[in-house]
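The values are calculated or read from the model by the stated rules, or taken from the named source; none is laboratory data. Computed from a prediction, not measured in an experiment: that's the story for all the values here. Methodologically, a virtual Cβ is constructed for each residue, glycine included, from the backbone with ideal geometry; neighbour enumeration extends over all protein chains shown.
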Amino acid sequence: MIIFHALEEWEKGPCEHYKETEVGCRLLQEMQITLKKYNRGASFNLAVGTAEHRYLVPQLQSSSNFCELAMEEMEDLCNDPIDMRHASRMVDTIWDYVRQARGELRHPSRSIFPRSCHPSVVFCPELPPDLALDFSVQDGLLIVTLLALTTAIKPNQSGGNESDGAMEGFAVGQTMYYKGAWVEVLEFVEHTYQMKQLDSALDSIEHVWHSCNQLRDHFASFNAMQ
């Protein structure tokens, strides 16, 4: 399992990092939150993850799982006496696992807000129902999104400022379906953070990705001569 440690200070902003704790597949992070229109602009502290309920960043967990599957396939490839065509198929499988591990850290999440539905108990104190806090990874960066919400009426027609699925970007006044109810976005902030350990993990996956591509080319050339 990939565990990243936030050794460098995060840039200050509405989500202000003030304590160095481990971040990664398991996220245990303390932060200070401030929104202009929420809680009369007063700041409050929040811990993401507790001793009983560790928060799992979905994309990091998925990337770790694909890396483990690729390693298992690689061990079989190195240890079992197999013919070249079978080895070629195993290399294709490894390539596909690495491709998916890479994609989890490169591409936008398919499960961001409002599709994400983190249990309130992973936050300490529990996250109020009119707040949503989401974590995702894109292009090797950790993205933290905080939204202040209010209840809303289901839109009468499509084509307006509403959404019932994951989306790129938000807008104040936008209506969407979240946790079984329609809500309106009152305010939101989004910050991206670069982490050395996440950069290192992505660089390693990119190196393996290119090696897999070269190995597949070699097998393709061999198979073409048969």
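Points worth noting:
- Tabulated pairs, segment 198-219, first over 14 Å from Cys67 (Cβ atoms), second charged (D, E, K, R) and assigned to a helix (DSSP H, G or I), C-beta under 8 angstrom, 6+ apart or interchain: Arg216/Asp92
- Residue match in segment 103-115 (condition: of a type in the set (Phe, Trp, Tyr), over 24 Å from Ser211 (Cα atoms) and surrounded by 15 or more Cβ atoms within 10 Å (Cβ to Cβ)): yes
- Filter result for Arg26 (at pLDDT below 80 and basic (Lys, Arg)): yes
- Under the condition of being surrounded by fewer than 21 Cβ atoms within 10 Å (Cβ to Cβ), hydroxyl-bearing (Ser, Thr, Tyr) and outside any loop (DSSP other than H, G, I, E, B), the residues counted in segment 122-159 number 3.
- Tallying residues that are at negative phi and under 22 Å from the mean Cα position of the chain (by Cα) within segment 42-79 yields 25.
- One residue from Asp83, Asp92 being free of Cβ contacts under 8 Å to residues at least 12 places away in the same chain and not assigned by TED's automatic domain parsing to the domain that holds Val172: Asp83
- Only listed residue being modelled with pLDDT under 85 and assigned by TED's automatic domain parsing to the domain that holds Phe219, chosen from Leu69, Leu46, Leu35, Leu77: Leu77
- Gln157 meets the conditions (1) modelled with pLDDT under 90; (2) within 28 Å of Leu202 (Cα to Cα); (3) not basic (Lys, Arg) in every case but one. The failed one is (2).
- For Ala220, the stated conditions hold: it is assigned to a helix (DSSP H, G or I), modelled with pLDDT under 85 and surrounded by fewer than 17 Cβ atoms within 10 Å (Cβ to Cβ).
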